[in-house]
Amino acid sequence: MRKVNLVVAAFAITSVLPIISNAENISYNYIQAAYTTTDIDILGTSIDGNGFSISGSATINDNLAFIASFDDQSYDYDIDTNSFQFGLNFHTPVNKTTDILFGISILDSEVSQPLLGSEDDTGNVLGVGIRSKLNPNIEIDFGVSRSDIFDDSSTGFSLSLLARLNENIQLGIGYGSGDDTDTIGFSLRSNF
């Protein structure tokens, strides 16, 4: 019930706020491809993995965007994971170059291993973050999120740096850390 109240509150806030433009040159219309490497520590054993993700965002109105992503990872011991996430991001400027974001998403994930079979579950992700232009060509993003899936909840943070190559293309590098998990990613983003 509490999650439903968050969605209703997000819609209510966006409908009663006056029209506010986004922070200068921060786009909420993009598609992004990324390569990631991940290290998971389980009971003192390090499990390494890598893979790719594709994500995107599309503006619904001046302060709300639809978000979606697909992630596919392969780990040591023939462990494979894939996940699909979709939801909403509410964003509003705090000054001319910085936006604050609040997100809520549905997460569907599957973990498989040939000898152990596979397991899938559907959960949710709640997050808060900032996007800020350090200068016209450099953007920094920071976020904290809480996911609840597979009868477990975890909290993590992410930090990324995006460098603008031209009006529509950005290259990025990012780091994320959560409960016993560390991830480094390299991305290419196309704004539209």
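Right, Ser46: of a type in the set (Ser, Thr, Tyr), farther than 23 Å from Ser190 by Cα and surrounded by fewer than 14 Cβ atoms within 10 Å (Cβ to Cβ) or not? Criteria met by Ser46. Within the range 145-162, track down each residue that is loosely packed, with under 14 Cβ neighbours inside 10 Å and either touching a residue at least 40 places away in the same chain (Cβ under 8 Å) or within 15 Å of the chain's Cα centre (by Cα) (or both). Answer for the range 145-162, where residues must be loosely packed, with under 14 Cβ neighbours inside 10 Å and either touching a residue at least 40 places away in the same chain (Cβ under 8 Å) or within 15 Å of the chain's Cα centre (by Cα) (or both): just Thr155.
Residues in the range 49-76 that are surrounded by 13 or more Cβ atoms within 10 Å (Cβ to Cβ) and not in a strand (DSSP E or B): Asp62, Asn63. Does the range 117-124 contain at least one residue that is under 21 Å from Gly51 (Cα atoms) and out of contact with any strand residue (DSSP E or B) (no Cβ under 6 Å at 6 or more places or on another chain)? There is at least one residue in the range 117-124 that is under 21 Å from Gly51 (Cα atoms) and out of contact with any strand residue (DSSP E or B) (no Cβ under 6 Å at 6 or more places or on another chain).
Residue-level check: of (1) surrounded by 13 or more Cβ atoms within 10 Å (Cβ to Cβ); (2) at pLDDT below 95, Glu167 misses just (1).
Is the range 164-171 home to any residue that is of a type in the set (Val, Ile, Thr) and closer than 18 Å to Asn29 by Cα?
For the range 164-171, residues of a type in the set (Val, Ile, Thr) and closer than 18 Å to Asn29 by Cα: present.
Looking across Leu126, Leu88, one residue alone is surrounded by 13 or more Cβ atoms within 10 Å (Cβ to Cβ) and either farther than 30 Å from Asn166 by Cβ or of a type in the set (Asp, Glu) (or both). It is Leu126.
Which of the residues spanning the range 24-45 are under 28 Å from Asp179 (Cα atoms) and either in contact with a helix residue (DSSP H, G or I) (Cβ under 8 Å, 6 or more places away or on another chain) or not in a strand (DSSP E or B) (or both)? Selection gives Leu43, Gly44.
On the given criteria, is Asn25 surrounded by 13 or more Cβ atoms within 10 Å (Cβ to Cβ) and either modelled with pLDDT under 90 or touching a His at 6+ places or on another chain (Cβ under 7 Å) (or both)? It is true that Asn25 is surrounded by 13 or more Cβ atoms within 10 Å (Cβ to Cβ) and either modelled with pLDDT under 90 or touching a His at 6+ places or on another chain (Cβ under 7 Å) (or both).
The values are calculated or read from the model by the stated rules, or taken from the named source; none is laboratory data. All values derive from a computational prediction rather than experimental measurement. Positions of Cβ are backbone-derived with ideal geometry, glycine not excepted, and every protein chain shown enters the neighbour counts.
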